[in-house]
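Written out below as structure tokens is the structure these notes cover.
The values are calculated or read from the model by the stated rules, or taken from the named source; none is laboratory data. This is a predicted model, so every value here is computed, not measured. Please note: Cβ atoms are built from the backbone with ideal geometry, for glycine as well, and neighbour counts cover all protein chains shown. These area figures cover heavy atoms from the full protein model, side chains too; ligands, DNA and RNA do not enter into them. Shrake-Rupley method; radii C 1.70, N 1.55, O 1.52, S 1.80 Å.
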Amino acid sequence: MSTQRRLRHVLAAALVAITSGTATAQQPITDSQMIESDSPTLNNPMPPTSPEDLRARVGEKFTEPPPVPPVPQSLTESVYTSAEAPLTLQTIESIACSRNPTLAQAQAQIQSQLGKAIQAGLVPNPNLMYVGEQVGIGGTAGEWQGAVFQQRIVTARKLQLSRAKFLQLTRSAEWRALEQQYQVLNDLRIQFWTTLGHQQLVELHNEILKNAEDAVVTSRELYNAGQATRADMHKANIMLQRARLDVLMIRNQLKSNWYELAAIAGTRQTPTPLTGALEGPVELIDFDIALDRLISESPQILAARSKLQADEIKVKRETVEPIPDVVVSYGYGRNFEARDNSHGLGLQVEVPLYDWNQGTIRQAEADVVRQQGEIQRIEFTLQRQLAKTYQSYLTAVQNVRSYQEVMVPEAKQAYEVLLDAYEEDRVAWPLVLEAQVEYYRLRTQYVQHLIAWRSNETLIAGYLLNGGLMPPTGPQPPGHISAVPKPR
């Protein structure tokens, strides 16, 4: 007979003896008496007594334990309504590359700059005019009538310089398109890791909920055995409801993450399970190597440097702008007074006496200085962003390694040791439940650190670019001197 059962029988026999007067301090209670009191027969002179009657005799009143809170209806609903197969990261990336609208905008900007390059290098169209001089005098056809052809000849390689400048801006737009591609893919990958992590968190919180349900059942059993109070039951109900709310919160966050992921990919697909490995080999990225790579290879830096080359070409182009073009005119017609056909020639040159483009040249030179400062500003901005991102990345790596190598395995072993001890009747079941829930909570924290590690690693590898639905930046601000019908 176990100690707990022996004490329960001793208490029951003592209560019966006191109320019936058959037991005194001089008459100890034997095991046979305990058995008889626990299981009365016809030979037992004492009447059968239930535990409720015993409690009533000593002034106690048994009350039912508080009811378990009802299960919220939304907790039984499925998160995923789509019957499609789980999506991989490669599949979602393929969808984004074909449907994300910002990538098409970035390609349109390349075509826009290429169109300016084509337009800027075109030779001016000729003018063809009909000329009639003194028509109608004396009822005659006039003195001279004919056609005049006029052509502007652009000098000083202006067209070639204008085309070279816009071709350089086209290269800058190509770097901007690559920058936008990194922004889309980085944002997509970060959202994928976040959604995949919350998918695992839902599973872990479901296990924590099962633990809370088991704790409620255990507390009710202990209450019925007189080893727990109503306050313990209320606490167990609170923990159960909290676990339910945690599951609902994570499920809501999972749905939100999925729709954000679908928006970046450019689709309105209903929530679909994801498949992938959130865990992986943790190799520390060196800060100095990452910074050198960022400064030398980032699409932002390369686009800014390409823009600087375009500004330098622009200075050359605006410097030769005062060199006048030559406008040649040629006419052929009939001289009615001389009654003979004649030719006409003309040559027109603009004299840059007052306007020799001095203001625009100064503006172009200022643009070069501004762009040089812009390159330095981008370099230091990237360094600052890398410092913040690397700090989060380093912290995440340290946490991932610690949880992966020490904390999660130790918590699992502690749970397994207590479970084995419970099976050997050496510890109580509530201790096993506490170890189990601690193990699951450490695993949820581990998943959160994995999400942080994956996200920051993606940013560092992707030149710190994110914002998959932000409009692509252009190579130059609107309202520039090149924004004219005939760009130069």
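If the requirement is being open to solvent by less than 30 Å² (accessible area, probe 1.4 Å) and over 19 Å from Val68 (Cβ atoms), which of these qualifies: Thr170, Thr155?
Values: Thr155 fails: open to solvent by less than 30 Å² (accessible area, probe 1.4 Å).
Testing whether each residue is open to solvent by less than 30 Å² (accessible area, probe 1.4 Å) and over 19 Å from Val68 (Cβ atoms) leaves just Thr170.
Tell me which of these Gly121 doesn't satisfy, since it passes every other one: (1) more than 30 Å from Val320 (Cα to Cα); (2) open to solvent by less than 60 Å² (accessible area, probe 1.4 Å); (3) in contact with a Ser or Thr (Cβ under 7 Å, 6 or more places away or on another chain).
Failing condition for Gly121: (1).
Do we have Pro322 as without any contact (Cβ under 8 Å) to a residue 12 or more places away in the chain, part of a loop (DSSP other than H, G, I, E, B), open to solvent by 20 Å² or more (accessible area, probe 1.4 Å) and of a type outside the set (A, V, I, L, M) here?
Details: without any contact (Cβ under 8 Å) to a residue 12 or more places away in the chain: no; part of a loop (DSSP other than H, G, I, E, B): yes; open to solvent by 20 Å² or more (accessible area, probe 1.4 Å): yes; of a type outside the set (A, V, I, L, M): yes.
So Pro322 fails the test.
Per-residue answers, yes or no, for (1) open to solvent by 30 Å² or more (accessible area, probe 1.4 Å); (2) at pLDDT 95 or above; (3) closer than 25 Å to Leu464 by Cβ:
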| residue | (1), (2), (3) |
| --- | --- |
| Asn224 | yes, no, no |
| Ala243 | no, yes, no |
| Ser256 | yes, yes, yes |
| Ala262 | no, yes, yes |
| Thr275 | yes, yes, no |
| Ser296 | yes, yes, yes |
| Arg305 | yes, yes, yes |
| Ala310 | no, yes, yes |
| Arg317 | no, yes, no |
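Does Ala96 fit the bill of being modelled with pLDDT of 95 or more, out of contact with any strand residue (DSSP E or B) (no Cβ under 7 Å at 6 or more places or on another chain), of a type in the set (Gly, Ala, Ser) and surrounded by 13 or more Cβ atoms within 10 Å (Cβ to Cβ)? If you could, list the steps in order and put the result at the bottom.
Working: modelled with pLDDT of 95 or more: yes; out of contact with any strand residue (DSSP E or B) (no Cβ under 7 Å at 6 or more places or on another chain): yes; of a type in the set (Gly, Ala, Ser): yes; surrounded by 13 or more Cβ atoms within 10 Å (Cβ to Cβ): yes.
Yes: the conditions hold for Ala96.
Which residue is nearest to Glu312 (Cα to Cα), if the candidates are limited to the range 356-367 and must be aliphatic (A, V, I, L, M) and surrounded by 15 or more Cβ atoms within 10 Å (Cβ to Cβ)? Before you say what the answer is, go through the steps one by one.
Pass one, the range 356-367, residues aliphatic (A, V, I, L, M): 361, 364, 366.
Within this subset, residues satisfying the condition of being surrounded by 15 or more Cβ atoms within 10 Å (Cβ to Cβ) are 361, 364.
Working: Ile361: 11, Ala364: 8 Å.
Among residues in the range 356-367 that are aliphatic (A, V, I, L, M) and surrounded by 15 or more Cβ atoms within 10 Å (Cβ to Cβ), the one nearest to Glu312 (Cα to Cα) is Ala364.
What are the pairs, 6+ residues apart or on separate chains, where a residue within the range 418-441 that is more than 15 Å from Ala236 (Cβ to Cβ) and open to solvent by 30 Å² or more (accessible area, probe 1.4 Å) has its Cβ under 8 Å from a residue that is outside any helix (DSSP H, G or I) and among the hydrophobic types (A, V, I, L, M, F, W, C)?
Matching pairs, first to second residue: Leu418/Val427; Tyr422/Ala428.
Kindly indicate the residue of the range 325-355 that is in a strand (DSSP E or B) and hydrophobic (A, V, I, L, M, F, W, C) and also least open to solvent (accessible area, probe 1.4 Å) among those meeting that condition. Walk me through how you get there before you give the answer.
Of the residues in the range 325-355, the ones in a strand (DSSP E or B) are 326-335, 340-349.
After this cut, where a residue has to be hydrophobic (A, V, I, L, M, F, W, C) as well, the list is 326-328, 345, 347, 349.
Details: Val326: 39, Val327: 13, Val328: 54, Leu345: 152, Leu347: 133, Val349: 75 Å².
It comes out as Val327.
Would the range 395-417 turn up any residue that is open to solvent by 50 Å² or more (accessible area, probe 1.4 Å), outside any helix (DSSP H, G or I) and of a type in the set (D, E, K, R)?
The answer is no; no qualifying residue exists.
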